[in-house]
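Notes follow once the structure below has been shown.
The values are calculated or read from the model by the stated rules, or taken from the named source; none is laboratory data. Computed from a predicted model, the values in this text were never measured in an experiment. Ideal geometry is used to build each Cβ from the backbone, glycine not excepted, and the neighbour counts take in all protein chains shown. When the accessible area is computed, the model is the full protein with side chains, heavy atoms only, and any ligands, DNA or RNA have been set aside. Shrake-Rupley method; radii C 1.70, N 1.55, O 1.52, S 1.80 Å.
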Amino acid sequence: MLEFPIVVIDSSYIIPPYECPPVENARQSDILGNCAVLLWNTHPDQNSWQVSYGPEGILPTDGSVINCPIQATQICGLDSGVHYTAYVRAVCDHDSICY
């Protein structure tokens, strides 16, 4: 009788990390005195948002940050005659918090 060795091969799965969907259609909706109102479209996986803003050309990591529980924010204290840049990123709570 011929015997064969038993070989067991385990299966491995690589599951990519969850990526929070990006914010879409960020836009200025209104100017009220020295305030600007920003709106954006959301995705069901997004729980909240962060807005970073500052003078035109500022990097997202160097701006003032506002935490937003809804898909809009009002930025006040802006100077007339100055151009500003704003960045919006989504925060998702999916196994852990990700942006």
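Details
- Some residue of the stretch 36-43 being open to solvent by 30 Å² or more (accessible area, probe 1.4 Å), in contact with a strand residue (DSSP E or B) (Cβ under 9 Å, 6 or more places away or on another chain), hydrophobic (A, V, I, L, M, F, W, C) and part of a strand (DSSP E or B): yes
- When the criteria are applied in full, I15 meets the requirement of being at pLDDT below 90 and of a type outside the set (S, T, Y).
- The stretch 86-99: number of residues that are open to solvent by 30 Å² or more (accessible area, probe 1.4 Å) and either of a type outside the set (S, T, Y) or part of a strand (DSSP E or B) (or both): 9
- Boolean, G57 is open to solvent by 30 Å² or more (accessible area, probe 1.4 Å) and either more than 20 Å from E19 (Cβ to Cβ) or more than 11 Å from the chain's Cα centre (by Cα) (or both): yes
- Residue within the stretch 19-28 that is open to solvent by less than 80 Å² (accessible area, probe 1.4 Å), modelled with pLDDT of 90 or more and not in a loop (DSSP other than H, G, I, E, B) present: yes
- Of the residues making up the stretch 66-75, those that are open to solvent by 90 Å² or more (accessible area, probe 1.4 Å) and either in a strand (DSSP E or B) or more than 20 Å from L32 (Cα to Cα) (or both) are N67, P69, Q74.
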